[in-house]
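Q: Submitted below is the structure of interest, expressed as structure tokens.
The values are calculated or read from the model by the stated rules, or taken from the named source; none is laboratory data. What you are looking at is a predicted structure, and each value in this text was computed from that prediction instead of being measured. Glycine also receives a Cβ, built like all others from the backbone with ideal geometry; neighbour counts cover every protein chain displayed. With ligands, DNA and RNA removed, areas are computed over all heavy atoms of the protein, side chains included. Shrake-Rupley method; radii C 1.70, N 1.55, O 1.52, S 1.80 Å.
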2 protein chains.
Amino acid sequence: MINIAILGFGVVGSGTAEVLTENKKIIEERLGCEYNIKYILDLRDFPDSPFSSLITHDFKDILDDPEVSVVAEMMGGSHPAYDFTKACLEAGKNVVTSNKEVVSTFGVELCEIARKNGVRYLFEASVGGGIPVIRPMINDLSSNKINKISGILNGTTNYILTSMKNEGASFDDALLCAQKLGYAEANPSADVDGIDAARKIVILAALASGKLIDPRAIPTVGITKITLADTEMAKEFGCTIKLIGYSEIVDGKLCAFVSPRFVPTTNPLSRIDDVFNGILINANMVGDVMFYGPGAGKLPTASAVVADIIDIIANIDSEVKPIVWETASESDINNFSEYSCPRVFIFNCKANIPASLSKYEIKESGNNICGIMTDSITENEADTIAAEFGNNNLISVYRVL
Amino acid sequence: MINIAILGFGVVGSGTAEVLTENKKIIEERLGCEYNIKYILDLRDFPDSPFSSLITHDFKDILDDPEVSVVAEMMGGSHPAYDFTKACLEAGKNVVTSNKEVVSTFGVELCEIARKNGVRYLFEASVGGGIPVIRPMINDLSSNKINKISGILNGTTNYILTSMKNEGASFDDALLCAQKLGYAEANPSADVDGIDAARKIVILAALASGKLIDPRAIPTVGITKITLADTEMAKEFGCTIKLIGYSEIVDGKLCAFVSPRFVPTTNPLSRIDDVFNGILINANMVGDVMFYGPGAGKLPTASAVVADIIDIIANIDSEVKPIVWETASESDINNFSEYSCPRVFIFNCKANIPASLSKYEIKESGNNICGIMTDSITENEADTIAAEFGNNNLISVYRVL
């Protein structure tokens, strides 16, 4: 009998209890062993929940109970989630989590503490919600060197961008609608400013490279400045605007950033709409593979949390290779000003076009708004061209995926 | 040091040698142990290959060498691939394969022999080429009950259907082009008649249900009768025609079949084009997830073969839960005549329309060809309606996904 404790009885925590209960029979059959939810930690009581008898307000009940060998942390936020995770790992308990903030900030330390204590720290649900991506990267692309990762990693922003594209909604209207539907928080900053996507892309980049970058240190642009004129121009170029978390290894150095990009409709990411997520991985032997599915939501995310719990229970007596990450140093990270990709410049058609753009075709999307797509140029070159436009005439610049 | 033998030095066999060699450093780092390709079995010699010194023509060299613990079978066909696999497993050697014919026909017996002998029989590369799908089904969707699987499982037919849709090529012209490009064999029957897809869907269905159906026993229709008029009609209904391997568990009974289907463009499978494959899985907690990538090809398929080899080496001293399948009995399989889904009837506009269809909208795609999409009806009901049309007026009937 394996005893499990759940930290945090919010959306994902209660979903995890539900998956463990609803599918108990098939999971126990697959495992060949039984399990039991022994505690649920939350500050609140849930008198009407079927799990109410399991609620405790005292973390020490869990920490000090030697019967608890698996802890599922779904509290969200850095503290006390990080502190409780650390304490559990040090006490020889396995921990699984959906908390990308903790994994992206403290992942190096927590993986090392897990390794030292002979337990595991797993976080499939921290990226892509219910989509299997972390374990497939470790186990299924194990024969490959991973070159590039590009992902639609945030469902809220993808919902907003889909509304703008398909219904011609403005950013503000689409955000309001997302909030009404419960897809966006009252304070939507973590989503719309790209912070959530930044946390997720550094986790994926660390799986590919072994180096974890501070998510606050990567170039991060959200979707708040995208206009309907931009989405119209994207159509002119056969593209869709998506918020892309991107990571690439160039000459052994890591490049990672988050920004809205023009995604050509030939790229499968261009066709991932609404709250769905997709992660496209380019690896040296397999080429391009994509994982697609629900990037958030109670039961999908809980499905991934429980997959981690099952992985731990199934291998509880085996030696499993631990995840070993290092903190990325400055020398591990590329010089972002040298990152190179095609750009789209969107500008007032009356503007004087910089000489370096004269060789490209100009497209007009109406309302006197023009656009040019360049070949690959660096950030530095793009900045130089932008300066040549003068502020009043240049409307926006997009990277192309 | 782990010694590996490769059976068959064709496309995938030579790709496997290449992946094992090209990525040797990173794979050995991940494994924390070294490996070596000791033999390659083939009837031919390859004097110009860098692997020529490893070639043997005698299977007994491999079978009798106690140093060989992992055998990669990439011979294709049932015999001697099945016989060699069985002999290796009985001799206590782990076997990995890309051979869907052997897995779909002899999987129950071979998994059981592996279990009895304490070794593993893995076949990630048998479905979806380089796309991780089998291990994710086992490990990542482990917290779910799998309800439905729908897959574009054959790259050749998907290439042909994409050419028909996008370029207006006839089936014959598109097939010829696929043959010129090396995507289709001189004898394309296994692909265009749906036999390859049938083998793959029974493997996926067995992973979901534990019951392996004889692939020759499932209803299988290929793409040879699809006309440009059909692809035009699909567009009228907002659909794309795809060859779909389908499996569903209805009231505890397995339903599996292969046929061309109208796939609504809202379904992500509708947008998978050319030689790519996609497998969409619906499971009770996560909802819909899709795995996308190259469904064939030398290095992609070899990437999956080597992932299996790595899995075996990484867990060589651990007890891993074996795959246990049973042969599906008649009582495990549903009555196909009761399978229910919407249909599209394509007919001469001059036809008398059966009364049961009178409530539906009629679409016309030009050339006097009309179409009606029904609500969900059973196979039996569809047959009855088809008979009412009379042979001369009914052009074709499609299931809708």
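Q: I'm a student and want to see the number: the projected area of the Cα convex hull of region A:1-52, averaged over all directions, in nm².
A: Mean orientational projected area (region A:1-52, Cα hull): 3.6 nm².
Q: Picking from B:N368, B:G390, B:N380, whose Cα lies most toward the positive end of the charge dipole for region B:336-400 (charges on Cβ: Lys, Arg +1; Asp, Glu -1)?
A: Positive-most Cα among the choices belongs to B:N368.
Q: To continue, here is another question. Rounding to the nearest 20 debye, state how big the charge dipole of the protein assembly as shown is about its Cα centre with +1 on each Lys and Arg Cβ and -1 on each Asp and Glu Cβ.
A: 900
Q: What is region B:138-293's relative contact order, in percent, from Cα pairs under 8 angstrom and six or more apart in sequence?
A: Here the relative contact order equals 34 percent.
Q: List the DSSP H helices in chain A whose Cα atoms stretch 18 Å or more along the helix axis and whose mean Kyte-Doolittle hydropathy is at least 1.0.
A: The answer, listed by residue number, is A:195-209, A:298-314.
Q: May I ask which residue of B:F262, B:A217, B:N166 lies farthest towards the positive end of the charge dipole of region B:138-293, with charges of +1 (Lys, Arg) and -1 (Asp, Glu) on Cβ and the Cα centre as origin?
A: Result: B:A217.
Q: Using heavy-atom solvent-accessible surface (probe 1.4 Å) with all chains present, what is the largest-first order of A:D230, B:D383, A:D332? List each step's numbers first, then the result.
A: On the way: A:D230 5, B:D383 95, A:D332 30 Å².
These residues rank, largest area first, as B:D383, A:D332, A:D230.
Q: Right, something else. Do any GluC sites (Glu not before Pro) in region B:1-102 lie in a loop, going by DSSP, with at most 15 other beta-carbon atoms within 10 Å of their beta carbon, and if so which?
A: Sparse-neighbourhood loop GluC sites (Glu not before Pro): B:E34, B:E67.
Q: How big is the Cα convex hull of region A:30-96 in projection, averaged over all directions, in nm²?
A: Averaged projected hull area, Cα only: 5.4 nm².
Q: Can you list which of the trypsin sites (Lys or Arg not before Pro) found in region B:337-401 are DSSP loop residues with at most 12 other C-beta atoms within 10 Å?
A: Values: sites: B:R343, B:K350, B:K359, B:K363, B:R399; in loops: B:K350, B:K359.
Answer in residue order: B:K350, B:K359.
Q: Here's a follow-up. Suppose every Lys and Arg Cβ carries +1 and every Asp and Glu Cβ carries -1, with no other charges. What dipole size does region A:138-293 come out with about its Cα centre, to the nearest 20 debye? Each step should come with its number before you reach the end.
A: Values: 14 positive and 17 negative charges, 93 e Å.
Dipole magnitude for region A:138-293 comes out near 440 debye.
Q: Going toward the positive end of the dipole of the protein assembly as shown, with +1 on Lys and Arg Cβ and -1 on Asp and Glu Cβ, which of B:N282, A:S143, A:A206 do you reach last?
A: B:N282
Q: Given Cα pairs under 8 Å that are at least 6 residues apart, what percent is the relative contact order of chain B? Show your work: numbers first, answer last.
A: Working: 834 pairs, mean separation 70.3, N = 401.
Result for chain B is 18 percent.
Q: Filter A:K180/A:K225; A:K145/B:K298; A:K38/A:K180; A:K145/A:K242; B:K148/B:K200; B:K60/B:K116 down to the pairs with a C-alpha to C-alpha distance above 24 Å, please.
A: Values: A:K180/A:K225 21 Å; A:K145/B:K298 17 Å; A:K38/A:K180 36 Å; A:K145/A:K242 26 Å; B:K148/B:K200 14 Å; B:K60/B:K116 22 Å.
Over 24 Å apart, Cα to Cα: A:K38/A:K180; A:K145/A:K242.
Q: Using the Cα atoms of the protein assembly as shown to build a convex hull, what is its mean projected area in square nanometres?
A: 36.5
Q: When each copy gets a label point 7 Å from Cα toward the beta-carbon at B:I138, what are the spacings between them in nm, shortest first?
A: In nanometres, ordered from closest: 1.7.
Q: Magnitude of the Cβ-charge dipole of region A:336-400, K/R +1 and D/E -1, about the Cα centre, nearest 20 debye?
A: With only Lys, Arg, Asp and Glu charged at Cβ, the dipole is about 240 debye.
Q: One decimal, nm, shortest first: give the distances between the label point of B:S170 and those of the same position in the other copies, each label point 7 Å from Cα along Cα→Cβ.
A: Nearest to farthest, the other copies are at 5.6 nm.
Q: Inverting the mean 1/r over all pairs of different Cα atoms, compute the Kirkwood radius of region B:138-293 and quote it in Å.
A: On the way: mean 1/r = 0.0631 Å⁻¹.
That comes to 15.9 Å for region B:138-293.
Q: How do B:T97, B:T327, B:T21 rank by accessible surface area computed with a 1.4 Å probe, from largest to smallest?
A: Putting B:T97, B:T327, B:T21 in descending order of accessible area: B:T327, B:T21, B:T97.
Q: Considering only the label points, 7 Å along Cα→Cβ from Cα, what distances in nm to one decimal separate A:C33 from the same position in each other copy, shortest first?
A: Distances between equivalent label points, in nm: 2.2.
Q: With N residues in chain B, what two-decimal value do you get for its Cα radius of gyration over 2.2 N^0.38 Å?
A: Normalised Cα radius of gyration, chain B: 1.06.
Q: Can you pull the Rg over Rh of region B:285-401, Cα-only, Kirkwood?
A: Dividing the radius of gyration by the Kirkwood radius yields 1.22.
Q: Pairs of Cα atoms under 8 Å, at least six residues apart: use those to get the relative contact order of region B:220-361, whole percent.
A: Once divided by the residue count of region B:220-361, the mean separation gives 19 percent.
Q: Kindly provide the trypsin sites (Lys or Arg not before Pro) of region A:32-125 that DSSP labels as loop, not H, G, I, E or B, and whose Cβ sees at most 14 other Cβ atoms within 10 Å.
A: A:R44
Q: What Kirkwood hydrodynamic radius do you get for region B:336-400 when you take the inverse of the mean 1/r over all pairs of distinct Cα atoms, in Å?
A: Working: mean 1/r = 0.0852 Å⁻¹.
Final number for the Kirkwood radius of region B:336-400 is 11.7 Å.
Q: Looking down the axis that turns B into A, which residue of B has the closest beta carbon, and how many Å out?
A: Measuring from each Cβ to the axis, the minimum is at B:S318, 2.
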